[in-house]
Amino acid sequence: MNKKLLSLCLFFAGAAGAAFAQEPVDTAMVKKIREEGLNHSKVMETAFYLTDVSGPRLSGSPELKHAQEWAVNQLKSWGLVNAQREPWGKFGKGWEVQKNYAAITLPYYHAIIAIPKAWTPGTNGLIKSNIVLIKADTITDLDKYKGTLQEKILIIDAKAGTERTFKTDASRATDEELDAMAKAKPEAAAPRRAIDRNSPAFRARAFRTAINTFLKDQNAGLVLSQARGSDGTVFTTNGASYADTAKAVSPELEVSGEDFQRILRLVKAGIRVEMEADIKTQFYTDDLQGYDVVAEIPGTDKKLKDQVVMIGGHLDSWHAATGGTDNAAGSAVMMEVMRILKAVNFKPRRTIRIALWSSEEQGLFGSRGYVLNHFGDPKTMELKPEQAKLSAYYNLDNGSGKIRGIFLQGDSLAGPIFKAWLDPFKDLGASTVTIRNTGSTDHVSFDAIGIPGFQFIQDGLDYGSRTHHSNQDTYDKLSEDDLKQAATIVASFVYHTSQREEMIPRKELPKPQPPAARN
């Protein structure tokens, strides 16, 4: 490279660095947003209606529909337009728990902590039975139980799931952890892993499926399985598919580790244990579609109003509680962002759109369906015109903890911009920008199609240890000050994204994503 060319390269590199370093921050608007978000917040009121009033919001359930309809009406009341439940594609059967009672009655009475597995049937009334222990290492081991299990309550042998720990449930990110994130280097994209049908985990799932089929064929009355969790916490799962073509299974309860192991010890000691249960669940097949909530503040700039800034979080939850931290927290924050922007009478240059996703818990279906309908197909990378008009998507879905910064998802060019936008919030504990990726939530759907999609860094609190997908995930686990802080910061990010002359810089367009290979 000759000296003249080198000088030009250094000049343009320096100019680009200076431009990023001088990313403007509207301090007057930040002051207005802080005042509204921190001192006049409605975020907890919104969270109350999404949790206590609406109830559990399992995908396809009446409770999710109720929460979606409430959110649409609330967004309309704040002055947003085009507010609606937008279908994204076929989901499957809805399901809810309508009654859940279970107790051992011998050798003494004790009401157990147990949750029906999602998409499993009820007991068709009160069932009473001695508890039968099922021990099987192979399919042939089940033969000895043939003809003996009809209408019986069964417990499947299992080791204790968790050891006693003396660690605290909740924690905040330390300065050292945040510093390590800020200093992280770009990560190479992980190769897609093939599905290994010979792995122990895959074989274990296949064996459990075979046991379930056997128990259904034997007309078992109720199956008790050990839930993950401790101290009365039950982390819930599904016991059957939500597909409208799914095969029927037996009624099944996930039992708290303490109650499960107590019953198991008694049965193994040869002591007769009797139990009664009355489980009622309901399937819904009248509408198999999935829906997202969407609403907008329209842009006003003649040149930029067709461009969009999006924010979102998933509204669906699991069924054992009311989904406070997962993810009424994120949904309430993003609704509060829109309320704040309307309250300060903001007239954005670009259109601002909120989306509250459904079926995130089953595989990001709501956001993936929305992306497919509006922006393109990541499997082929065939893009639609709207893909070029979305500046950025911001997501919140890691519990109730305050925002500490943002994951760049490998988008290094956005780093200096976000650092400038976070600077006014250092006093609120948010300053970290990391090149790192984070996954498992809805920003991934946008990143996969080449749209800048970001998840904020949040304090973990007790999200991973106690509330995520559990019967403890209630309104009471929400941190009010943290949610106020989060809504204030996101509102500022949205304001600045909508107003800047250029859209958020983009990474190189991803390659098509064919299905993972199978071994």
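The values are calculated or read from the model by the stated rules, or taken from the named source; none is laboratory data. All of these numbers come straight from a predicted model, not from anything done at the bench. Here the Cβ positions follow ideal geometry from the backbone for every residue, glycine too, while neighbour counts run over all protein chains shown.
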Need pairs with beta-carbon distance below 7 Å; first residue among the basic types (K, R) and within the range 52-74, second crowded, with 24+ Cβ neighbours inside 10 Å; sequence gap 6+ or separate chains. R57/L64; R57/A67; R57/L315; R57/D316; R57/S317; R57/G323
Name the residue that is surrounded by the fewest Cβ atoms within 10 Å (Cβ to Cβ), counting only residues in the range 378-396 that are charged (D, E, K, R) and without any contact (Cβ under 8 Å) to a residue 12 or more places away in the chain. E382
Test: A240 is modelled with pLDDT of 95 or more, outside any helix (DSSP H, G or I), of a type in the set (G, A, S) and not assigned by TED's automatic domain parsing to the domain that holds G405: yes
Exclusive hit being modelled with pLDDT of 95 or more, in contact with a His (Cβ under 7 Å, 6 or more places away or on another chain) and within 30 Å of T165 (Cα to Cα), set D482, D459, D397, D476: D397
Among the residues of the range 57-110, the number that are of a type outside the set (G, A, S) and either within 20 Å of A47 (Cα to Cα) or touching a Ser or Thr at 6+ places or on another chain (Cβ under 9 Å) (or both) is 28
Count of residues meeting criterion [assigned to a strand (DSSP E or B) and out of contact with any Gly (no Cβ under 9 Å at 6 or more places or on another chain)] in the range 311-331: 1
The strands (runs of 3 or more DSSP E) lying entirely within the range 101-178 that contain at least 1 residues which are closer than 15 Å to L224 by Cα, within 31 Å of the chain's Cα centre (by Cα) and not assigned by TED's automatic domain parsing to the domain that holds S61 are 114-116, 153-156
If we ask which residues in the range 492-516 are in a helix (DSSP H, G or I) and of a type in the set (A, V, I, L, M), their number turns out to be 1
If only one of R404, R353 is assigned by TED's automatic domain parsing to the domain that holds Q68 and either under 14 Å from S498 (Cα atoms) or assigned to a helix (DSSP H, G or I) (or both), which one is it? R353
Could you say which residue among S359, S317, S331 is closer than 30 Å to I153 by Cβ and either out of contact with any strand residue (DSSP E or B) (no Cβ under 8 Å at 6 or more places or on another chain) or surrounded by 24 or more Cβ atoms within 10 Å (Cβ to Cβ) (or both)? S317
Take G399 and decide whether it is free of Cβ contacts under 8 Å to residues at least 60 places away in the same chain, under 30 Å from T236 (Cα atoms) and assigned by TED's automatic domain parsing to the domain that holds K32. no
Restricting attention to the range 213-221, does a residue exist that is within 23 Å of Q362 (Cα to Cα), aliphatic (A, V, I, L, M) and surrounded by 16 or more Cβ atoms within 10 Å (Cβ to Cβ)? no
Scan the range 423-442 residue by residue and report those that are buried (at least 18 other Cβ atoms within 10 Å of the Cβ) and acidic (D, E). D442
Considering only residues of the range 39-51 that are part of a helix (DSSP H, G or I) and in contact (Cβ under 8 Å) with a residue 40 or more places away in the chain, which is surrounded by the fewest Cβ atoms within 10 Å (Cβ to Cβ)? M44
Looking at I263, I211, I279, I271 in this structure, which one is at pLDDT below 95 and out of contact with any Leu (no Cβ under 6 Å at 6 or more places or on another chain)? I211
Here is a check on your reading of the model: is A103 among the small types (G, A, S), buried (at least 22 other Cβ atoms within 10 Å of the Cβ) and at negative phi? no
Might you check whether a residue that is in contact with a strand residue (DSSP E or B) (Cβ under 8 Å, 6 or more places away or on another chain), free of Cβ contacts under 8 Å to residues at least 12 places away in the same chain and among the hydrophobic types (A, V, I, L, M, F, W, C) occurs anywhere in the range 221-234? no
For the subset of the range 439-448 comprising residues that are touching a residue at least 40 places away in the same chain (Cβ under 8 Å) and either part of a helix (DSSP H, G or I) or out of contact with any Gly (no Cβ under 9 Å at 6 or more places or on another chain) (or both), which member is farthest from P512 (Cα to Cα)? H443
With the structure loaded, tell me whether K216 is in a helix (DSSP H, G or I) and either in contact with a Lys or Arg (Cβ under 6 Å, 6 or more places away or on another chain) or among the basic types (K, R) (or both) or whether it fails that test. yes
